[in-house]
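The values are calculated or read from the model by the stated rules, or taken from the named source; none is laboratory data. Treat the numbers as computed from the prediction; the structure is a model and nothing was measured. Note that each Cβ is placed from the backbone with ideal geometry, even for glycine, and that neighbours are counted across all protein chains shown. Keep in mind that these areas ignore ligands, DNA and RNA; they rest on the heavy atoms of the full protein, side chains included. Shrake-Rupley method; radii C 1.70, N 1.55, O 1.52, S 1.80 Å.
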Amino acid sequence: EYVFSALVTTSSASTIPFLVKIQTNEAPRLGTCGSSPAVGTGLETNFRLACSGWTDDDHPLQYKFQTVRYYGSLPSDRIYSDVCANRFLPTYDTVLPAPAGSGNDASARLEMRAIIMDDLGAETYSQFFVNVSRPDNLNVEIELSKLRDTVADGDLQSFTTHVLALSADGRISSDQQQNLLQMIASVTLDSTSQFETRAKSINVENSATLVQAVTAILSPELKDHLSNQALDILTDVTKIAADRDSYGENPRNTLIASGSGLRNLISLHSKEVSTGADFSQGFNPNLAMKADAVIHSLSRMMLKDAVIGEDERKLSFPGVKNDSILQVSGRVLKGERVGNTALTHSFTGATVSFPEIPNVSGFAQAALSFVSLMNGAIYPTPLNASSAGVAVVEIRDPNTNNKIPVRGLEDPIRYTLPVSQNQSHTEMLLREGWNFSAVFWTGNEWSTDGVRFVRLAENRSSVICETTHLTSFSSQMRLNV
């Protein structure tokens with residue numbers, strides 16, 4: 001226990017003493033975690049995950065086991081998927097997925113993590129590895145039947161683990177992929193219930209993880225149909241996550257899994273060329289509209305992950321040849337006077353400038369989130385045509401953290417969004433008949449009400465727009481015909 005003393009001087013020069021007591025809690029320590037056996041076959045071997053020797057004064061201890069997967073090439077590009085929920089028993093029996101791309105290599109190491117938590121919530125993380133090879137003869141139909149049984153039994157944790165294992169294995173036909181997506185839809189978003197009811201009970205982190213796993217193996221020949229199903233699930237999952245006050249034990253996992261799933265679909269609709277990614281095909285208009293809804297929710301989710309007063313949070317999802325095709329960042333500033341100030345994203349150059357806003361007095365929180373779509377990844381545009389994305393801007397009450405409605409402003413809010421790679425590239429687009437417009441997301445579609453395109457910025461690679469309300473903004477390029 002720590003005791004801090006302070007003297008506060010008032011405006012009348014009198015002093016008031018204060019004492020602040022802080023109790024610290026040490027996390028569990030001195031234990032180990034591992035698997036028995038330490039070598040086995042994915043979807044076949046029954047592994048016993050176990051922790052032992054952990055000590056802590058605050059009992060009882062709880063345990064959780066997770067697999068670790070990577071969505072990019074950097075050590076930090078990792079996502080954790082629960083193998084089991086928090087449990088008081090220090091052991092858990094389960095099948096495991098082989099590491100993606102491991103083939104039949106018996107030495108392929110699957111990274112695992114155990115979380116040991118005491119009764120006051122202090123956590124310790126323990127990393128270990130299990131050698132998991134692909135099964136020689138995988139009967140996918142039998143595995144799908146097992147999945148149906150886990151759904152019938154209500155064992156959604158085993159369902160998630162099996163889906164991850166099937167996705168990592170890769171030997172699954174187009175028809176089987178479709179069946180898998182339909183099962184995921186039935187598990188995550190029961191079509192017989194209302195959206196509001198689903199929103200209260202759905203585990204968005206598991207749902208996003210399932211979609212991310214399946215979209216990694218979708219067949220190109222069925223990309224439109226399967227992408228439509230996957231985007232339907234992602235649209236609902238991300239909207240539920242963005243609407244919640246709290247959206248899971250690990251909100252960053254939900255954001256990473258959702259963004260990775262969208263990245264997989266973008267990559268599916270692109271074609272590889274020697275110089276990198278060519279996204280000139282893009283999504284069809286129906287898929288693009290659904291992707292817009294997901295992107296809008298991702299941007300709102302990032303604001304929940306941003307920490308007040310800290311540097312902006314950023315996630316990048318690599319595509320072909322590790323070129324980043326989707327970036328998400330969010331920043332919240334506290335103690336900044338909203339009137340006559342600007343909020344900027346350093347890595348995109350997106351900015352928003354606030355005038356004096358009626359009914360917003362004193363200090364408030366200004367929040368800006370931006371999803372950058374590199375290389376025109378979603379829309380049918382020229383090669384490397386656009387890095388424009390979606391910006392979400394909010395003003396919040398610093399005491400309640402609630403959004404303050406802003407609409408019908410006489411003095412508009414001005415914002416700047418990046419739209420192309422450089423000045424010469426913008427000039428080329430204009431010569432080819434492309435023009436720019438300002439739009440905002442209504443929740444179902446893009447609209448121009450209350451927003452207008454002002455002009456290109458001095459660097460000719462960004463657009464300057466104005467709005468009389470706050471919502472989700474974007475800039476669209478259209479070809480004049």
Residues in segment 452-466 that are polar (S, T, N, Q) and modelled with pLDDT of 90 or more total 0
Among the residues of segment 121-169, write down those that are over 16 Å from Asn46 (Cβ atoms), charged (D, E, K, R) and buried (at least 17 other Cβ atoms within 10 Å of the Cβ).
-> Arg134, Asp169
Scan segment 124-140 and give yes if some residue there is in a strand (DSSP E or B) and in contact with a helix residue (DSSP H, G or I) (Cβ under 7 Å, 6 or more places away or on another chain), otherwise no.
-> no
If you go through segment 373-402, how many residues are out of contact with any helix residue (DSSP H, G or I) (no Cβ under 9 Å at 6 or more places or on another chain) and at pLDDT 75 or above?
-> 2
Can you confirm whether segment 225-241 contains a residue that is at pLDDT below 80 and either open to solvent by 10 Å² or more (accessible area, probe 1.4 Å) or on the phi > 0 side of the Ramachandran plot (or both)?
-> yes
How many residues, within segment 1-40, are closer than 30 Å to Thr94 by Cβ, part of a strand (DSSP E or B) and either open to solvent by less than 60 Å² (accessible area, probe 1.4 Å) or of a type in the set (Ser, Thr, Tyr) (or both)?
-> 6
Exclusive hit being closer than 19 Å to Met289 by Cα and under 29 Å from the mean Cα position of the chain (by Cα), set Thr442, Thr416 = Thr442
Of the residues in segment 179-224, how many are at pLDDT below 75 and polar (S, T, N, Q)?
-> 10
Residues (modelled with pLDDT of 70 or more, open to solvent by 20 Å² or more (accessible area, probe 1.4 Å) and more than 30 Å from Gly121 (Cβ to Cβ)) located in segment 243-275 | Arg263, Asn264, Ser267, Leu268
